Amino acid sequence: MSLILDETELIEKLRSFQKSCTENRKCANCNEIGPNYVCIDFGTFVCSVCSGIHREFNHKVKGISLSKWKFDEIRLICSLGNKKDFLTFLGNRDFNALGPPPNSNNHLILKEFIRNKYINRIWINQSLYNLYYLNLSSIQDSLPKSQINNSKNPYKTFQPNITEYEHKNCNNPNLNVKKNFINRNPFSFIN
């Protein structure tokens, strides 16, 4: 069941979460500054180029200011975000050997990167995936019916495990995993 709130208030909550965490201020895939879209399937902020690629893969994407939002969608995004996405889907990527993620200038390379990150999941940290993406509550009324019954849908039994709507910032100790893993700066390659 979705809580009914004023549309402007929902967008403001989403923008507030985006501003509260440095990682959310850049695209989750290409590091473009100031993403204006959200990939709901992964709870990430993405740029216009990456949003188009996600749509090509049938991922649910919405424009932050131009879309109608449900409370459950906002709650989902605020329980995930770009930091958890990075630690989960790029957790086992060797940045020394492979370098930083591609920028948005080369569509084909970026598309292959997004395919490897989310569909092939070649760099996934499975334990963080289990922690962040599989231990969540039902948001089925936020997902299209085609995604709910899709066997490839990672949120088939998706249940946000948060009790409050807002997170004050992404450094909330309840959101972090093992300190030795978090203390390293996985975003050191981002300017």
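The values are calculated or read from the model by the stated rules, or taken from the named source; none is laboratory data. Bear in mind that the values here come from a model prediction, so they are computed numbers and not experimental data. With ideal geometry, Cβ positions are generated from the backbone for all residues, glycine too; neighbour counts draw on all protein chains shown.
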Subject >> Matching helices (runs of 4 or more DSSP H) fully within the range 1-98 where at least 3 residues are closer than 21 Å to Ile114 by Cα and within 14 Å of the chain's Cα centre (by Cα) >> reply: 48-56, 82-89
**OP:** Report yes if some residue within the range 181-191 is part of a helix (DSSP H, G or I), more than 28 Å from Ser48 (Cα to Cα), of a type outside the set (Val, Ile, Thr) and modelled with pLDDT of 50 or more; otherwise report no.
**Re:** no
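Would you point out the residue of the range 99-140, among those that are among the hydroxyl-bearing types (Ser, Thr, Tyr) and outside any loop (DSSP other than H, G, I, E, B), that is modelled with the lowest pLDDT?
Residue satisfying both the conditions and the ranking: Tyr132.
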Original post:
Is there any pair with a first residue in the range 105-126 that is β-branched (Val, Ile, Thr) and a second that is surrounded by 12 or more Cβ atoms within 10 Å (Cβ to Cβ) and part of a helix (DSSP H, G or I) whose Cβ atoms are under 8 Å apart and which are 6 or more apart or on different chains, and what are they?
Top reply: Ile114/Cys50; Ile114/Ile53; Ile114/His54; Ile122/Asn116; Ile124/Thr88; Ile124/Phe89
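Provide a single number: the residues in the range 42-60 that are of a type outside the set (A, V, I, L, M, F, W, C) and buried (at least 21 other Cβ atoms within 10 Å of the Cβ). First the steps, then the outcome.
Here is the first cut: in the range 42-60, the ones of a type outside the set (A, V, I, L, M, F, W, C) are 43-44, 48, 51-52, 54-56, 58-60.
Retained after the next criterion (residues that are buried (at least 21 other Cβ atoms within 10 Å of the Cβ)): 43-44, 51, 54.
Looking only at that region, the number is 4.
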